[in-house]
Amino acid sequence: MTSTARAFWLDSPGRGAVHDVELPVRGADEVLVRTLFSGVSRGTETLVFDGRVPENQYAAMRAPFQDGDFPGPVKYGYLNVGEVEEGPRDLVGRTVFCLYPHQTRYVVPAAAVTPVPAAVPAGRAVLAGTVETAVNALWDAAPLVGDRIAVVGGGMIGCSVAALLARFPGVRVQLVDADPGRAEVAEALGVGFARPAEARGDLDLVVHASATEAGLTRSLELLRPEGTVLELSWYGDRRVALPLGEAFHSRRLTLRSSQVGTVSPARGATRSYADRLALALDLLADPALDALVTGESAFAELPDVLPRLAAGDLPALCHRIRYGDDDG
């Protein structure tokens, strides 16, 4: 077995390349994984690609198997699906998900990989990290039967949240986005759609995931008195202004954040990180979630694909990267 692999590195903000990397010798409690697919988490990874991680967030934003440091050179990513080639007998030959960057092969502790259920295709399993974020968000939000809810921001995270909310009994959920093209995705997920100016109001809960000041402002406007906005966006180094001097206090609105780095306090005593990820993989048995994969490129194309994603020239929810035997 080769002792080298190929990995995508951000050499400096705005410029990346594929480099040869040396694989460590596999230990008894480790696995060697050959990557089948990885996914580009468009919001976070394009901020990293553009060098927009604030210095005071360098530690918080480290990916589990990141090499290098912000702003670069850095090997970054966390949506990887592969096949175990070497390791414990019960894992060899299994398709697994791992929070690993874009790399053709890698060695990690066996405990760091999660088997993909047989009902979930490997290509869909790259969404596991995103659906895990949605699971954590809904643990934080605690929606109730019959709630009126909007998800503002039809990106990868927002659509994942909307897809899960569509399963709640009696819940009326609407995906809100400035791009009318998201209506097709909303239909595939089984939820309603509206442009921001046309969205329904008087809502119990709004989940905000557009990472824009306008989107967060509109989210507050859509609430009923004493309603809640759950903020999932990460703004990097940007500052956001909000109209908190208007009806925010008189209507007793709540704005709270949710972040996947910690298991929601609502389940922290009874669920581990592994439990949360396993649940996300189980939920991916739903073929409707294929609507979140909106593009695919070969691994060798990543140095050209990421600048296009960062610039918005290549619009995408999850952009999937496929790997082949000729990747090394």
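The values are calculated or read from the model by the stated rules, or taken from the named source; none is laboratory data. Fair warning: this is a prediction, and the values are worked out from it, not measured in the lab. No Cβ is skipped: glycine too gets one built from the backbone with ideal geometry, and neighbour counts run over all protein chains shown.
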Scan segment 224-234 residue by residue and report those that are surrounded by 13 or more Cβ atoms within 10 Å (Cβ to Cβ), in contact with a Ser or Thr (Cβ under 9 Å, 6 or more places away or on another chain) and not small (Gly, Ala, Ser).
-> Thr228, Val229, Leu230, Glu231, Leu232, Trp234
Name every residue in segment 81-115 that is assigned to a loop (DSSP other than H, G, I, E, B) and under 22 Å from Ala28 (Cα atoms), in order of residue number.
-> Gly87, Pro88, Arg89, Asp90, Leu91, Val92, Gly93, Arg94, Leu99, Tyr100, Thr104, Val113
Filter result (under 10 Å from Leu216 (Cβ atoms), among the small types (Gly, Ala, Ser) and within 16 Å of the chain's Cα centre (by Cα)) within segment 228-245 | Ser233
Arg239 being under 30 Å from Asn56 (Cβ atoms), of a type outside the set (A, V, I, L, M) and in contact (Cβ under 8 Å) with a residue 60 or more places away in the chain | no
Residues of segment 175-192 satisfying the condition of being under 12 Å from Ser160 (Cα atoms), within 18 Å of the chain's Cα centre (by Cα) and outside any helix (DSSP H, G or I) | Leu175
When you look at Leu47, is it touching a residue at least 60 places away in the same chain (Cβ under 8 Å), closer than 18 Å to Val305 by Cα, surrounded by 14 or more Cβ atoms within 10 Å (Cβ to Cβ) and in contact with a Gly (Cβ under 9 Å, 6 or more places away or on another chain), yes or no?
-> yes
Candidates Arg148, Arg172, Arg94, Arg167 - the one that is under 30 Å from Leu205 (Cα atoms) and free of Cβ contacts under 8 Å to residues at least 24 places away in the same chain = Arg167
Residue among Leu289, Leu317, Leu302, Leu279 that alone is farther than 20 Å from Arg182 by Cβ, in the same structural domain as Thr114 (by TED's automatic domain parsing) and touching a residue at least 40 places away in the same chain (Cβ under 8 Å) = Leu302
Pairing a residue in segment 202-219 that is touching a residue at least 12 places away in the same chain (Cβ under 8 Å) and surrounded by fewer than 24 Cβ atoms within 10 Å (Cβ to Cβ) with any residue that is part of a loop (DSSP other than H, G, I, E, B) and acidic (Asp, Glu), where Cβ atoms lie under 8 Å and the two sit 6 or more apart in sequence or on different chains, gives Asp204/Asp147
Which numbered condition Val53 fails, given (1) of a type in the set (Val, Ile, Thr); (2) loosely packed, with under 12 Cβ neighbours inside 10 Å; (3) farther than 28 Å from Leu91 by Cα | (2)
Which of the residues belonging to segment 60-80 are closer than 13 Å to Tyr106 by Cβ, outside any loop (DSSP other than H, G, I, E, B) and either among the small types (Gly, Ala, Ser) or in contact with a Cys (Cβ under 8 Å, 6 or more places away or on another chain) (or both)?
-> Asn80
Sort through Gly215, Gly236 and tell me the only one that's part of a helix (DSSP H, G or I) and either more than 23 Å from Leu127 (Cβ to Cβ) or not assigned by TED's automatic domain parsing to the domain that holds Arg42 (or both).
-> Gly215
Out of Val171, Val92, Val107, report the one residue that is on the phi < 0 side of the Ramachandran plot, in contact with a helix residue (DSSP H, G or I) (Cβ under 7 Å, 6 or more places away or on another chain), of a type in the set (A, V, I, L, M, F, W, C) and surrounded by fewer than 23 Cβ atoms within 10 Å (Cβ to Cβ).
-> Val171
When the residues of segment 63-84 are filtered to those that are surrounded by fewer than 16 Cβ atoms within 10 Å (Cβ to Cβ) and charged (D, E, K, R), which remaining residue is nearest to Ala118 (Cα to Cα)?
-> Asp67
Subset of segment 1-58 [in a loop (DSSP other than H, G, I, E, B) and among the polar types (S, T, N, Q)] | Thr2, Ser3
Contacts under 7 angstrom Cβ, first residue in segment 4-30 being without any contact (Cβ under 8 Å) to a residue 24 or more places away in the chain, partner outside any loop (DSSP other than H, G, I, E, B) and of a type in the set (A, V, I, L, M, F, W, C), 6 or more apart = His19/Ala7; His19/Trp9
